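Undergrad: I have a structure here, written as structure tokens, and I will follow up with some questions on it.
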């Protein structure tokens with residue numbers, strides 16, 4: 001009986017999975033963070049393009065989608081944690097940036113840039129369908145801070161007591 005009460009109490013309930021839209025939003029923000037880290041760390045593409053300018057242009061070209069991704073996850077965090085969800089969204093942005101930066105720490109800057117320096121340029125020049133495909137590939141293969149729900153459209157599948 002105590003377990004049932006704890007599991008039904010919203011203070012202890014946690015959303016343990018993302019809807020498809022929420023997963024897509026996290027992966028788009030992940031891509032954006034990765035591009036930022038590449039641009040600011042590597043500075044120039046193999047064709048000598050200024051990567052910060054490329055990253056800025058990518059951001060401007062996709063501003064609506066980035067804002068929609070933020071809103072999707074903000075709504076998720078509001079439901080999951082209550083309140084405005086902004087702290088959790090800010091934490092996610094920080095985690096994504098730190099995660100991308102950790103790759104440099106695990107390798108070397110030279111190795112990282114040799115492997116990744118052209119990714120911002122590639123992402124800048126692909127069309128919307130190719131960008132959606134890239135995000136879909138990331139959803140299938142990349143890690144996430146919350147797994148995809150088994151049932152389409154469901155945001156909360158199970159609850160655990162903390």
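The values are calculated or read from the model by the stated rules, or taken from the named source; none is laboratory data. Computed from a prediction, not measured in an experiment: that's the story for all the values here. When we count neighbours, we look across all protein chains shown, and the Cβ atoms used for this are built from the backbone with ideal geometry, even at glycine.
Undergrad: Restricting the search to region 116-152, which residues are modelled with pLDDT under 95, within 19 Å of the chain's Cα centre (by Cα) and over 23 Å from residue 64 (Cβ atoms)?
TA: Matches in region 116-152: 140, 141, 143, 145, 146, 147, 148, 149.
Undergrad: Can you go through 55, 77 and tell me which one is crowded, with 20+ Cβ neighbours inside 10 Å, closer than 18 Å to residue 125 by Cα, touching a helix residue (DSSP H, G or I) at 6+ places or on another chain (Cβ under 6 Å) and at pLDDT 90 or above?
TA: Values: 77 fails: closer than 18 Å to residue 125 by Cα.
Matching residue, one of 55, 77: 55.
Undergrad: Does any residue of region 32-51 turn out to be assigned to a helix (DSSP H, G or I), over 12 Å from the mean Cα position of the chain (by Cα), under 24 Å from residue 146 (Cα atoms) and touching a residue at least 12 places away in the same chain (Cβ under 8 Å)? First the steps, then the outcome.
TA: The initial filter retains those residues of region 32-51 that are assigned to a helix (DSSP H, G or I), namely 32-42, 51.
Going one step further and asking which of them are over 12 Å from the mean Cα position of the chain (by Cα), we end up with 36-42, 51.
The next check asks that each one be under 24 Å from residue 146 (Cα atoms); those that pass are 36-37.
Next, only the ones that are touching a residue at least 12 places away in the same chain (Cβ under 8 Å) stay: 36-37.
Scanning region 32-51, I find at least one residue that is assigned to a helix (DSSP H, G or I), over 12 Å from the mean Cα position of the chain (by Cα), under 24 Å from residue 146 (Cα atoms) and touching a residue at least 12 places away in the same chain (Cβ under 8 Å), so the answer is yes.
Undergrad: Six or more apart or on different chains, Cβ atoms under 7 Å: show the pairs whose first residue is in region 107-133 and touching a residue at least 12 places away in the same chain (Cβ under 8 Å) and whose second is surrounded by 12 or more Cβ atoms within 10 Å (Cβ to Cβ) and outside any helix (DSSP H, G or I).
TA: Hits for this filter: 117/45; 118/45; 121/45; 121/49.
Undergrad: Report, by residue number, each residue of region 81-101 that is farther than 30 Å from residue 115 by Cβ, within 17 Å of the chain's Cα centre (by Cα) and either in contact (Cβ under 8 Å) with a residue 60 or more places away in the chain or not in a helix (DSSP H, G or I) (or both).
TA: Filtering region 81-101 for residues farther than 30 Å from residue 115 by Cβ gives 81-88.
Going one step further and asking which of them are within 17 Å of the chain's Cα centre (by Cα), we end up with 85-88.
Within region 81-101, 85 is the sole residue that qualifies.
Undergrad: Regarding residue 26, is this residue in contact (Cβ under 8 Å) with a residue 60 or more places away in the chain, in contact with a helix residue (DSSP H, G or I) (Cβ under 9 Å, 6 or more places away or on another chain), farther than 17 Å from residue 126 by Cβ and in a helix (DSSP H, G or I)? So that I can check it myself, show each step before the final result.
TA: Numbers: in contact (Cβ under 8 Å) with a residue 60 or more places away in the chain: yes; in contact with a helix residue (DSSP H, G or I) (Cβ under 9 Å, 6 or more places away or on another chain): yes; farther than 17 Å from residue 126 by Cβ: yes; in a helix (DSSP H, G or I): yes.
Yes.
Undergrad: When you look at residue 21, is it part of a helix (DSSP H, G or I), touching a strand residue (DSSP E or B) at 6+ places or on another chain (Cβ under 9 Å) and at pLDDT 85 or above, yes or no?
TA: Numbers: part of a helix (DSSP H, G or I): yes; touching a strand residue (DSSP E or B) at 6+ places or on another chain (Cβ under 9 Å): no; at pLDDT 85 or above: yes.
Taking the combined requirement at face value, the residue does not satisfy it.
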